[in-house]
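Accompanying notes for the structure given below.
The values are calculated or read from the model by the stated rules, or taken from the named source; none is laboratory data. Just so we're clear, the structure is a prediction, and the values are computed from it rather than from any experiment. FYI the Cβ positions are ideal-geometry reconstructions off the backbone, even for glycines, and counts take in every protein chain you see.
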Amino acid sequence: MKLIRTENYAEMSLEAGKIIVDKIRSNPRLTLGLATGSTPKGVYDYLIQDHGTNGTRYQQVKSVNLDEYIGLKAQDPNSYHYFMRQNLFKHLDISEHHTHIPNGAASDLKQECLRYEQLIKELGGVDLQILGIGQNGHIGFNEPGTPFSSRTHIVTLAKNTREANSRFFNSFEEVPAHAITMGIATILESKEILLLVSGEKKAEALLKFMNGEISEEFPASALKHHENVTVIADRDALKYI
Ligand code: GLP
């Protein structure tokens, strides 16, 4: 595992953005695994700016997102569909039919999980997966206790995850209680992983990740089984390391 230490959020975003752009330039048909949340937003801003200034093209790039809330339609401003469209896709020349996000409004959610797994397979797997980390060590929406062997599945969100994400909603009650997420085994099949960690709120999770044991009680620790993980963290997140 490689650790890149950065001063702050802006520098973390820049370092990650440069790695992603390099990969796309050397493989214009890359399949990118994307994440939502506050952490990758700066990286997406970098990709948008680079696309405008340096003309990096996304016409043949494919993307698969990690997760989506259950019960929110794609047009809902709190859905991850909406987040991705507003914060990245609409600013790039990526075709809409190349961008994939689990459908949390599907009538048959179990079938939707199977479809998503199959889709990732058909795309030839994820070349580069961007990940954030939850304060409880979740990756995607794989909460503590999720088997490392899990594939795309339906989850009940932990109370502290809903609380952490309630900042985007009007109230805690509005935060969906369930989500669809790529499983841990699905994530581990990515050829390369970039784990982004920013801010003091993530310092304990990062400490546990770096120095703690590998356990299903701390989902991110599964990444230690992967041979190509780069952690890009800022000074506040690295407080205890
Ligand atoms: C969310 C997402 C994760 C994300 C994490 C951290 O619940 N499902 O994919 O990595 O929590 O979010 P943030 O970057 O906003 O701290």
Looking at the stretch 13-36, which of its residues are over 15 Å from the mean Cα position of the chain (by Cα) and part of a helix (DSSP H, G or I)? Leu14, Glu15, Lys18, Ile19, Val21, Asp22, Lys23, Ile24, Arg25, Ser26
Hits in the stretch 65-97 - residues which are in contact (Cβ under 8 Å) with a residue 40 or more places away in the chain, away from the ligand (no atom under 13 Å from the Cβ) and either part of a strand (DSSP E or B) or not hydrophobic (A, V, I, L, M, F, W, C) (or both): Gly71, His91, Asp93
Going residue by residue through the stretch 215-231, is there one that turns out to be over 23 Å from Met12 (Cα atoms), within 12 Å of the ligand (Cβ to nearest atom), at pLDDT 95 or above and buried (at least 20 other Cβ atoms within 10 Å of the Cβ)? no
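Would you mention how many residues in the stretch 108-156 are without any contact (Cβ under 8 Å) to a residue 40 or more places away in the chain and under 21 Å from His178 (Cβ atoms)?
9
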For the structure I just gave you, tell me whether Ala205 is buried (at least 20 other Cβ atoms within 10 Å of the Cβ), assigned to a strand (DSSP E or B) and small (Gly, Ala, Ser). no
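Does Tyr58 satisfy being within 16 Å of the ligand (Cβ to nearest atom), surrounded by 15 or more Cβ atoms within 10 Å (Cβ to Cβ) and either modelled with pLDDT of 95 or more or in a helix (DSSP H, G or I) (or both)?
Details: within 16 Å of the ligand (Cβ to nearest atom): no; surrounded by 15 or more Cβ atoms within 10 Å (Cβ to Cβ): yes; either modelled with pLDDT of 95 or more or in a helix (DSSP H, G or I) (or both): yes.
The answer is no for Tyr58.
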Within the stretch 160-194, considering residues that are among the polar types (S, T, N, Q) and part of a loop (DSSP other than H, G, I, E, B), the one nearest to Gly33 (Cα to Cα): Ser190
So, in the stretch 175-213, exactly how many residues are more than 12 Å from the ligand (Cβ to nearest atom) and within 23 Å of Lys110 (Cα to Cα)? 9
Selected residue (criterion: surrounded by the most Cβ atoms within 10 Å (Cβ to Cβ)) from residues of the stretch 125-155 that are among the aliphatic types (A, V, I, L, M) and part of a loop (DSSP other than H, G, I, E, B): Ile133
Listed residues Leu47, Leu30; which is touching a residue at least 12 places away in the same chain (Cβ under 8 Å) and either in contact with a strand residue (DSSP E or B) (Cβ under 7 Å, 6 or more places away or on another chain) or surrounded by fewer than 19 Cβ atoms within 10 Å (Cβ to Cβ) (or both)? Leu30
